[in-house]
Amino acid sequence: MPLFQRLLDSIEKQDEVNFWRCYDGTVRSGDARALELKTQRRILELFKAGKIVNRKKEATKIKLLDQLWATAQISHERPDAALYQDFIELYALVGSLAGVEKGIAALERTGAPVQSRGVQQWNMVALIRAGKVVEARNIYDEYRLETGDSPKLANKFFRACGHADQETAMLDLFKDLEQYGPAPDSHSYSFVITYYSVRGRMDEAAVWLKKLSSRLFNRPPVTQVFNMVLAGYIRTVQPEPANALLVEMAAAGVAHDWNTNEHVIGIAAIEGDSTRAWRAYASSTNPNPSHVTLEYLARLTGPVTDDDASLDAFRAALAEAGVELTPVILAKLVKGYKQLPDGNSAEAVLEWSHRLGYSVKEHTYNDVLAAHINAGDLASGERFADAMSKAGVPVTEAVWRRLIWSLKEAGQSEDALRVLEDGHERYPFMPRAFVAELQQRFGRKDPLAVRASEVMGDKMAFRSQKPLDH
């Protein structure tokens, strides 16, 4: 399938992994000029919702958004007002005042109004993120009456203050809302609670939680608000008030969701209570617990070996919690050891799976390899990678690049080059960012950087397609 068609398919399916894999090559080939307006808007939807993008630093998010902007400017179908409004929103959300100003200027050139609340609310957000709270407050004061009894505009202000560490501006506006309206809603309180929780200021978070309960006429807040405070207590290693809050939730009839159960695991990890942790894990409805949660479970389990006694001890620990040993639990435990990291324990758990006759998926083998790499045990990593190769289990591209980088960082240049040569034919891509990092860290003339650049060039040439007749 031509690269441009793969790009379109990834956009239609909102598949961000394959989108970013195909995007750079499509731009380089010139095919990106054929993207229709509706497709470009779908790209921005993918950017906004993307988990990969959300994990990036803000500077990287802005750089990626700038690339999408540049692509829109050279498209055969020129951007319209709606597309520019989408860009303005996204630039505000990633904290780029320059991007918002650029978007507003472009929007104005289309003849669309730029002094509307729909545009200026994002200018307000960007100004707060840039530390220009006085100008942002002026915008809020100008447009607040348009929202009637709804504090939606104020909530955008509060959320931006949380990102920008603007406590005074947040509290000043909250006080004004209480006195003059529109009245704060539960979301307004939640943004203030979150502000204090993420900063570990738990006394203030608890006060605002009580304020919210009082405003709700002693009805309990929703589960998500309690979760914010629980996360703060775990972050600041305070199991006692966290447990008290769980008791309060139970007394008020507030149900646990999967996030609450993961917080219970975090509390249990602080207390060293593996039985409680595994019970909470079994109660969770989330099939993909966070990496932090899995690390807690691995830490509570402790180092293990591949002998029967170690397996029996783990099985007994699960039984005490009323949990049955399953292939999924062992695969998740391997991921936990990857995060810890403890490559030897990860490999031992893999051996348990084999001994029990469980089917083991490719990603679990790769998690074991990553655990060795993360632990700095590159000799075991190379050994395990060779064993995977002999068994016909492919190393994923991400883990392969991680092994190359780690070997090079450890001064094992020949081994890094060997791993590059042994594996590159299995993968259709050599990311430009990876090559650039090698060049920046080790120099453009370094043999590994040179070879990686050659491989990238070969793959780009192989994937290159003539522009299609769209």
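The values are calculated or read from the model by the stated rules, or taken from the named source; none is laboratory data. Since this is a predicted model, take the numbers as computed values, not measurements. Don't worry about glycine lacking a Cβ; one is built from the backbone with ideal geometry, like all the others, and counts go over all protein chains shown. All accessible areas refer to the heavy atoms of the entire protein, side chains included, with ligands and DNA or RNA removed. Shrake-Rupley method; radii C 1.70, N 1.55, O 1.52, S 1.80 Å.
Couple of notes before you dig in:
- Within region 438-452, the residues that satisfy the criterion of being of a type in the set (D, E, K, R) and open to solvent by 30 Å² or more (accessible area, probe 1.4 Å) are Arg441, Arg444, Lys445, Arg451.
- Matching residues, region 358-384, being surrounded by fewer than 23 Cβ atoms within 10 Å (Cβ to Cβ) and either free of Cβ contacts under 8 Å to residues at least 12 places away in the same chain or of a type in the set (Gly, Ala, Ser) (or both): Ser359, Ala375, Gly376, Ala379, Ser380, Arg383
- Residue check for Gly336: out of contact with any Gly (no Cβ under 6 Å at 6 or more places or on another chain), buried (at least 24 other Cβ atoms within 10 Å of the Cβ) and at pLDDT 95 or above: yes
- Of all residues in region 9-38, those that are within 25 Å of Tyr84 (Cβ to Cβ) and under 24 Å from the mean Cα position of the chain (by Cα) total 10.
- Any hit, region 167-184, residues being within 30 Å of Trp69 (Cβ to Cβ), under 30 Å from the mean Cα position of the chain (by Cα) and either of a type outside the set (Gly, Ala, Ser) or buried (at least 22 other Cβ atoms within 10 Å of the Cβ) (or both): no
- Boolean, Pro113 is modelled with pLDDT under 95 and either within 17 Å of Leu37 (Cα to Cα) or open to solvent by 30 Å² or more (accessible area, probe 1.4 Å) (or both): yes
- Looking across region 214-230 at every residue that is in a helix (DSSP H, G or I) and open to solvent by 20 Å² or more (accessible area, probe 1.4 Å), the one that is nearest to Tyr189 (Cα to Cα) is identified as Arg215.
- Test for Ala282: is it in contact (Cβ under 8 Å) with a residue 40 or more places away in the chain and open to solvent by 20 Å² or more (accessible area, probe 1.4 Å): yes
- Within region 385-402, the set of residues being touching a residue at least 12 places away in the same chain (Cβ under 8 Å) and basic (Lys, Arg) comprises Arg401, Arg402.
- Screening Ser213, Ser197, Ser290 for residues that are of a type in the set (S, T, N, Q) and more than 20 Å from the chain's Cα centre (by Cα) leaves exactly one candidate, Ser213.
- Region 123-138 - residue that is of a type in the set (D, E, K, R) and touching a residue at least 24 places away in the same chain (Cβ under 8 Å) and, of those, surrounded by the fewest Cβ atoms within 10 Å (Cβ to Cβ): Lys132
- Being surrounded by 14 or more Cβ atoms within 10 Å (Cβ to Cβ) and farther than 28 Å from Glu262 by Cβ is not true of Arg355.
- Residue satisfying condition, being of a type in the set (A, V, I, L, M), outside any helix (DSSP H, G or I) and either free of Cβ contacts under 8 Å to residues at least 40 places away in the same chain or open to solvent by 20 Å² or more (accessible area, probe 1.4 Å) (or both), within set Leu350, Leu297, Leu325: Leu325
- Count of residues meeting criterion [of a type in the set (Val, Ile, Thr), touching a Ser or Thr at 6+ places or on another chain (Cβ under 9 Å), more than 27 Å from His291 (Cα to Cα) and surrounded by fewer than 19 Cβ atoms within 10 Å (Cβ to Cβ)] in region 1-60: 1
- Residues (among the polar types (S, T, N, Q), in contact (Cβ under 8 Å) with a residue 24 or more places away in the chain and open to solvent by 10 Å² or more (accessible area, probe 1.4 Å)) located in region 72-95: Gln85
- Evaluation of Pro182 against the conditions (1) over 23 Å from Glu45 (Cβ atoms); (2) in contact (Cβ under 8 Å) with a residue 24 or more places away in the chain; (3) assigned to a helix (DSSP H, G or I); (4) in contact with a Pro (Cβ under 7 Å, 6 or more places away or on another chain) shows that the sole unmet condition is (3).
- Considering (1) under 30 Å from Leu448 (Cβ atoms); (2) open to solvent by less than 50 Å² (accessible area, probe 1.4 Å); (3) modelled with pLDDT of 95 or more, the lone condition that Leu318 does not fulfil carries the number (1).
- Among the helices (runs of 4 or more DSSP H) confined to region 363-436, the ones with at least 2 residues that are within 17 Å of Asp342 (Cβ to Cβ) are located at 378-390, 397-409.
- Just one residue in the set Val455, Val419, Val435, Val399 is within 23 Å of Ala375 (Cα to Cα), at pLDDT below 90 and either β-branched (Val, Ile, Thr) or surrounded by 18 or more Cβ atoms within 10 Å (Cβ to Cβ) (or both); that residue is Val419.
- Considering region 139-156, the residues that are hydrophobic (A, V, I, L, M, F, W, C) and open to solvent by 10 Å² or more (accessible area, probe 1.4 Å) include one that is modelled with the lowest pLDDT, namely Leu145.
- Hey, Ala98 surrounded by 21 or more Cβ atoms within 10 Å (Cβ to Cβ), among the small types (Gly, Ala, Ser), part of a helix (DSSP H, G or I) and at negative phi or not: no
- All positions within region 278-312 that are closer than 20 Å to Gly343 by Cβ and of a type in the set (A, V, I, L, M): Val292, Leu294, Leu297, Ala298, Leu300, Val304, Leu311
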